[in-house]
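The values are calculated or read from the model by the stated rules, or taken from the named source; none is laboratory data. The shown structure was predicted, so the numbers you read here are calculated from the model rather than taken from an experiment. Neighbour counts run over all protein chains shown; Cβ positions are idealised from the backbone, glycine included. The accessibility values were calculated without ligands, DNA or RNA, using every heavy atom of the protein model including side chains. Shrake-Rupley method; radii C 1.70, N 1.55, O 1.52, S 1.80 Å.
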Amino acid sequence: MRFFFILLFINVVIAQNKFENDTIFIWNKFENVGWNQFLAKEKTIQNEQLGAEIASSLSIFPNNINCKNIKDIKDIKICAIMHKYNSWAFVKTNYSLNHEQMHFNITELFARIIRKRLRLMIEGEQECDLEVLTRIFYEEEDKHWQMQFLYDKETNYARDETAQEKWNNKINLLLDEYKDYELNDFNIDDN
């Protein structure tokens, strides 16, 4: 299942380490997802045999960029977002929550990869071009979904505990490999 790409229009103003509201949760290293964030109503659940499903996506904050001024690209925030009202759970165990957290961590991994590509673009003093930014985003978003599907296939939706442990290690190693591209703070004005 492919979730919607959200391109949000937001002004960057107030500093904070965590941003959350009643519909989304932005990935951060200080807090994992919890069952209280899986808020989808039963009628929206499509496959109860899976046990749980996290709805996550990559998002860009803000998108109102002045490409004539290269410094504006530095203000772009690429975020891994959990959509609470599209995330659901029937089986609420620590093991299944870990599986869903790893899905969210994969989303964060690709947010970091995009951040790296943008930083390299800035350091290379390439022209700020919204078309290039969009192409980078969609290239990595496609790889992101390929990895999400492979993760579920190889772990058999968390049923294969050995494969799950291998993926846990793989995802954690990749996050560590891209730790220099972690989003350390998030500035947002929600007015």
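Distance check, please: which entries in K143/K166; K41/K166; K29/K143; K84/K170; K29/K92; K77/K166 exceed 28 angstrom between their Cα atoms? Mind dumping the intermediate values first?
Numbers: K143/K166 19 Å; K41/K166 32 Å; K29/K143 22 Å; K84/K170 26 Å; K29/K92 22 Å; K77/K166 30 Å.
Distance filter (> 28 Å) returns K41/K166; K77/K166.
Please report the equivalent ellipsoid semi-axes of the range 85-177, computed as sqrt(5 x eigenvalue) of the Cα gyration tensor, largest first, in whole Å.
On the way: eigenvalues 191, 38, 23 Å².
Rounded to whole Å, the semi-axes are 31, 14, 11.
Stretched out fully, how many nm does the piece from Y138 to E165 gain, at 0.36 nm a residue minus the Cα gap?
6.8 nm
With all protein chains present and a 1.4 Å probe, how do V91, V33 order by accessible area, largest first? Display every interim value, and only then the final one.
Numbers: V91 70, V33 10 Å².
Heavy-atom accessible area, descending, gives V91, V33.
Alpha carbon centre of the range 95-150 versus the range 154-184: separation in Å?
One Cα centre to the other: 15 Å.
Go through the range 116-122 residue by residue and turn each phi into a ³J(HN,Hα) via Karplus (6.51, -1.76, 1.60, θ = phi - 60°); whole Hz please, and just put x for glycine and proline.
Rounded to whole hertz, the list is 4, 4, 5, 4, 4, 5, 5.
What ranking of L120, L175 comes out by heavy-atom accessible area, probe 1.4 Å, highest first?
L120, L175
Calculate the spin-label point distance for K116 paired with K29, positioning each point 7 Å from the Cα along the beta-carbon direction, and give it in nanometres.
Inter-label distance under the simple model: 1.5 nm.
So, for the range 79-138, what is the accessible surface per residue at a probe of 1.4 Å, expressed in square angstrom?
I get 44 Å² per residue for this part.
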